[in-house]
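So the structure is just underneath, and the comments pick up after that.
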Amino acid sequence: MEIFQNVMARAYQMHQQEYEDKALAVLRSGWYILGEEDKRFEAEFASYIGAPHCVGLANGLDALILAFRTLGVGTGDEVIVCANAYVACTMGISINGATPVFVEPDAYLNIDADQIEAAITDRTKAILAVHLFGQACDMQKILEITQRHRLYLVEDCAQSHGATFDGRKLGTFGDIACYSFYPTKNLGAFGDAGAITTASESLANQFRVLRNYGSEKRYHNQVVGVNSRLDELQAGLLRVRLSHLDALNGEREGLCMRYLAEIQNPAITLPQVRPGAKSVWHQFVIQSAHRQALIDHLEARKIHTIIHYPIPPHLSEAYRYLGHREGDFPLCELQARQVLSLPLYNGMTRAEQDTVIRALNEFSPS
Ligand SMILES: *Cc1c(COP(=O)(O)O)cnc(C)c1O
């Protein structure tokens, strides 16, 4: 049996008829960009998150780029972000001319809230809270800091659709929350898609204008905008997926509870759940000081894993201009050497998970 890290087709097969009916209906409707499906998806997703406004966009990176743009964060400004986050988070900041300021991760692989204040300067304008791998950052501490220092709070919920902190949905804490619906995400589309949610009507209106060439009324361009529209096919398919999201997240949780209970190997460190945070388990990320040996052991058994992420942004070529060097963020760099994402996907069978667990428990570094 060959086991892949992710098998996207399984989630499709679970509700195949609904997706196919929706796709046909959109194709036959004769309307393909920013229409009724987009409007309904925005309303349904806003209501699911518990946010007053949702604006559909083309992808998650655009959501981040436009978030900092609408908040007026640009050249000369600094934004605090976790050093181990996905590189798109950093790009959403730096494309606007602002500087990403990195902070080490905590034991839950999210930004260490206790180290944020040491990174704040006169130029700091915002904190980007990235809820990595499905689990919330410490939103209580982060909110205290943004209020005390009057900073904007942007949430990156690309990996945490439906997750909560202290019973409250992620995406409702910040000024703006950004979402990606890339096919591998918990709420995955069948192509590229993204969105923002916000409590501010004026911010929501700015996104509506910016996403469509800076115009609300066709050919009346108020600002230099972008093309970042959500198409009707993705919006319709996302509505189907959203109607099953809680069940799909529940299934992932069940799989991860089993991993937590049954993986027993001193060479493997299991992920920790933050008190107060209900994770949606975007990834199940273990750590091992013997990662390459572990990968080889699993590959020999046709079990495939993925590293999220092998090169932290501060050591990537794209961000060499920031002048960081190896050793600047030792915890982040240690994690980059040790993390490994196990096979995890909706529709994973008991036999598949048995095989993975057995292989992990049989591993011994030599
Ligand atoms: C996927 C992802 C993004 C980028 O989303 P795209 O839709 O691929 O542009 C941003 N942030 C995080 C945390 C992500 O996982």
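The values are calculated or read from the model by the stated rules, or taken from the named source; none is laboratory data. Model, not experiment: these values are computed from the prediction. When we count neighbours, we look across all protein chains shown, and the Cβ atoms used for this are built from the backbone with ideal geometry, even at glycine. In case anyone asks, the SASA skips ligands and DNA or RNA and just uses the protein heavy atoms, side chains included. Shrake-Rupley method; radii C 1.70, N 1.55, O 1.52, S 1.80 Å.
Numbers below:
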quantity: Cα-Cα P(r), the stretch 1-152, percent of pairs per 5 Å interval; calculated: 2, 8, 13, 15, 17, 14, 11, 9, 7, 4, 1, 0
quantity: For the stretch 1-146, share of DSSP beta bridges that run antiparallel, in % to the nearest 5; calculated: 10
quantity: Principal axis dimensions, largest first and in whole angstrom, of the stretch 160-214 by Cα; calculated: 35, 29, 9
quantity: Pairwise FRET efficiency - GLN140 versus GLN222, Cβ, R0 = 41 Å, nearest 0.05; calculated: 0.60
quantity: DSSP-defined antiparallel bridges as percent of all bridges, the stretch 95-170, nearest 5; calculated: 40
quantity: In Å, descending, principal axis extents of the Cα set of the chain; calculated: 67, 54, 37
quantity: 13 Å beta-carbon shell around HIS149, net charge (K/R +1, D/E -1); calculated: +1
quantity: Debye log10 I(q)/I(0) at q = 0.12, 0.20, 0.23, 0.24 Å⁻¹ for the stretch 1-87, Cα point scatterers; calculated: -0.67, -1.16, -1.23, -1.25
quantity: Neighbour count of at most 11 Cβ within 10 Å plus DSSP loop: longest trypsin sites (Lys or Arg not before Pro)-free window in the chain; calculated: 1-149
quantity: Equivalent ellipsoid semi-axes - Cα gyration tensor, the stretch 101-217, angstrom; calculated: 25, 19, 12
quantity: Average silhouette area of the stretch 219-311, convex hull of alpha-carbon atoms, in square nanometres; calculated: 11.4
quantity: Computed [θ] at 222 nm, deg cm²/dmol, the chain (DSSP H ≥ 4; -39,500 (n - 2.57); rounded to nearest 500); calculated: -11500 deg cm²/dmol
quantity: Kirkwood estimate for the stretch 251-298, i.e. one over the average of 1/r between Cα atoms, Å; calculated: 12.0
quantity: Distant-in-sequence amide H partners of VAL101 (H built 1.01 Å from N, under 5 Å); calculated: VAL79, ILE80, VAL81
quantity: Residue-count net charge about SER29 - beta-carbon cut-off 10 Å; Lys, Arg +1, Asp, Glu -1; calculated: -2
quantity: Other-chain or far-sequence residues with amide H under 5 Å of SER215's (modelled H); calculated: GLN222
quantity: √(5λ) per eigenvalue of the Cα gyration tensor, the stretch 232-366, largest first, Å; calculated: 27, 24, 14
quantity: Beta bridges by DSSP in the chain, antiparallel share as percent, to the nearest 5; calculated: 55
quantity: Inter-part distance where the stretch 268-322 and the stretch 47-106 are each reduced to a Cα centre, Å; calculated: 22
quantity: Normalised per residue, the volume of the convex hull around the Cα set of the stretch 182-271 (Å³); calculated: 157
quantity: Apportionment of accessible area to carbon and sulfur, the stretch 43-185, percent (1.4 Å); calculated: 47
quantity: Neighbour net charge for ILE303 - beta-carbon separation under 12 angstrom, K R +1, D E -1; calculated: -3
quantity: Efficiency of FRET between THR184 and ARG320 - r from beta-carbon atoms, R0 25 angstrom, step 0.05; calculated: 0.35
